[in-house]
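Comments concern the structure below.
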């Protein structure tokens with residue numbers, strides 16, 4: 001399954017790209033994160049503390065156990081600081 | 001003792017004057033009100049329901065049992081509706 | 001701190017703009033504007049606001065001082081009109097400035113609650129069927145218990 | 001309902017003035033403006049706001065719809081900037097209009113709490129000693145429990 005994966009703020013800086021297209025067989029966000037961490041130290045570092053990471057599937061905030069079947073866009077970012 | 005007594009909103013309308021100077025021997029607001037009610041039907045009507053009347057002594061909100069010795073200005077008015 | 005009691009209209013936009021022109025430690029500005037509504041059902045022709053000159057300014061200044069101390073405000077503005085007003089006209093405004101939004105919101109909310117029930121203003125509404133003094137609402141008196 | 005996510009500055013005063021130009025049933029307008037503070041001790045040179053185009057607009061519209069339903073708002077405005085900002089610049093604003101002040105205050109307060117922790121914006125502060133992403137505050141997360 002092909003997915004657009006987006007990174008924001010310090011996750012973007014640590015991983016080094018704002019967005020990439022991945023081919024994955026992960027069924028949940030957590031499985032996708034495990035795949036990414038196994039790929040490269042940059043990902044392992046960025047995802048080392050998941051309490052500090054938020055995720056949106058198709059632009060809706062969700063949990064790491066969310067199923068990603070059919071999703072087109074997954075974004076990872078730190079807790080938000082708007083306003 | 002000479003006092004300026006002020007009336008606002010429907011108290012002013014019922015009593016017919018916005019302000020008057022009175023010579024009184026009342027020691028509290030309640031005694032002053034009793035004097036006024038005895039004077040004239042207009043006052044008796046205006047002060048018939050004291051739950052609907054607020055009082056300020058020298059421009060500070062207070063109760064009917066407040067002592068008025070030394071006061072210069074006493075105002076009677078309905079509950080406030082600012083904002 | 002700026003307290004104004006006046007018959008003349010005020011420029012809500014310009015006041016907001018000036019009030020939010022800050023530098024340094026201020027991160028949050030909250031403003032409130034009260035507007036003359038049409039009354040339910042019966043169209044309002046006019047509102048007349050009476051006040052108690054002298055006590056009004058004193059009461060508003062006291063509330064502003066209390067709010068400033070209690071929420072560590074950097075600045076505070078109250079403008080309240082009196083006299084005749086028409087539907088859509090702006091009756092009054094409050095503005096608060098603080099480091100954080102929670103203080104600015106709480107202080108503005110507090111000022112409005114106190115101003116509504118403890119500042120000596122009285123509203124009279126006139127429509128085609130006559131004139132009537134606006135009755136104080138139990139809700140407004142109850143709101144003071146929050147503080 | 002009006003939601004704007006933009007890099008350009010906005011005119012807070014003009015927006016407040018336009019928003020409060022109402023007739024009929026609206027009696028209360030509340031506005032909030034967020035301003036770039038100097039950081040404690042160390043003078044801030046610049047703030048950079050990153051956001052998630054697409055999701056930002058969607059998240060803000062969702063919050064505005066929730067607030068409108070929950071407090072029966074007559075109108076609601078959110079403007080939020082992104083990109084580089086300097087101390088004293090206005091970051092964002094919220095405005096709410098309702099029949100009574102309690103609804104306008106609660107809705108504006110709610111929108112700010114949600115916008116702070118649930119809209120995809122991230123702030124980075126730069127000073128003479130370097131750049132740092134602003135950490136989310138426990139207080140801001142806790143504030144959501146009020147609603």
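FYI, it's all coordinate maths here, none of it is from the lab. Everything quoted here is computed from the prediction, not taken from an experiment. Positions of Cβ are generated from backbone atoms using ideal geometry, with glycine treated the same way; all protein chains shown enter the neighbour counts.
Restricting to DSSP H runs of at least four residues, report the calculated mean residue ellipticity at 222 nm for the protein assembly as shown, -39500 (n - 2.57) per run over all residues, nearest 500 deg cm²/dmol.
On the way: 14 runs with 146 residues, N = 460.
My calculation for the protein assembly as shown gives -9500 deg cm²/dmol from helical runs alone.
Put a point 7 Å out from Cα along the line to Cβ at residue A:18; what are the distances to that point in the other copies, in nm, shortest first?
6.5
Calculate how steeply helix C:55-71 sits against the longest principal axis of the alpha-carbon atoms of chain C, using the helix alpha-carbon long axis, and give the answer as 0 to 90 degrees to the nearest 10.
Tilt relative to chain C: about 40 degrees.
When the Kirkwood radius is taken over all Cα pairs of the protein assembly as shown, what Stokes-Einstein diffusion coefficient follows at 20 °C and 1.002 mPa s, in µm²/s?
Details: Rh = 25.0 Å.
Once the numbers are plugged in, D ends up at 86 µm²/s.
Report the FRET efficiency, 1/(1 + (r/R0)^6), for residue A:58 and residue D:14, where r is their Cβ-Cβ distance and R0 is 41 Å, rounded to 0.05.
Working: r = 36 Å, r/R0 = 0.88.
Once the sixth-power term is evaluated, E becomes 0.70.
For label points placed 7 Å from Cα toward Cβ, what is the shortest-first list of nm distances from residue A:62 to its copies?
From this label point to the equivalent ones elsewhere in the assembly: 6.8 nm.
Expressed in nm to one decimal, what extension gain is obtained for the pair residue A:4 and residue A:17 from 0.36 nm per residue of sequence separation less their Cα-Cα distance? Spell out each step's value before the answer.
Values: separation 13, 0.36 × 13 = 4.68 nm, distance 1.21 nm.
Stretched out fully, the residue A:4 to residue A:17 stretch lengthens by 3.5 nm.
Counting only DSSP beta bridges with both residues in the protein assembly as shown, what percent are antiparallel, rounded to the nearest 5?
Details: 89 of 107 bridges.
Restricted to the protein assembly as shown, the bridges split so that about 85 percent are antiparallel.
Within 10 Å of each Cβ in A:55-66, how many Cβ atoms from other chains are there, averaged over the peptide?
Counting Cβ atoms of other protein chains within 10 Å of each residue's Cβ and averaging gives 2.
Quick one: the Cα spread of the range D:1-137 along its three principal axes, in angstroms, biggest first?
Taking max minus min along each principal axis of the Cα atoms, the range D:1-137 gives 53, 27, 24 Å.
Rounded to the nearest 5, what % of the DSSP beta bridges within the range B:2-77 are antiparallel ones? List each step's numbers first, then the result.
On the way: 13 of 17 bridges.
Roughly 75 percent of the DSSP beta bridges within the range B:2-77 come out antiparallel.
Hey, how many Å between the Cα centroid of the range B:43-83 and the Cα centroid of the range D:29-96?
Distance between centres, Cα-based: 46 Å.
Arrange A:27, C:101 by Cβ neighbour counts within 10 Å, fewest through most, would you? Don't skip to the end; give the middle numbers.
Numbers: A:27 12, C:101 24.
Ranking A:27, C:101 by Cβ neighbours within 10 Å, fewest first, gives A:27, C:101.
Please work out whether the range A:2-77 counts as rounded, prolate or oblate from its C-alpha gyration tensor, where a ≥ b ≥ c are the square roots of the eigenvalues and a/c under 1.5 means rounded, while otherwise a/b larger than b/c means prolate and anything else oblate? Before the final figure, lay out the partial values.
Values: a/c = 1.37, a/b = 1.31, b/c = 1.04.
Rounded shape, in that the Cα axes give a/c under 1.5.
If we count other beta carbons within 10 Å of each Cβ, what is the order of A:28, C:26, fewest first?
Values: A:28 16, C:26 23.
Lowest count first: A:28, C:26.
For a footprinting-style exposure proxy, rank B:69, C:141 by other Cβ within 10 Å, fewest first.
Numbers: B:69 8, C:141 14.
Least to most surrounded, the residues fall as B:69, C:141.
Once you keep just the Cα pairs under 8 angstrom separated by 6 or more residues, what percentage relative contact order results for chain C?
Details: 268 pairs, mean separation 48.6, N = 147.
33 percent.
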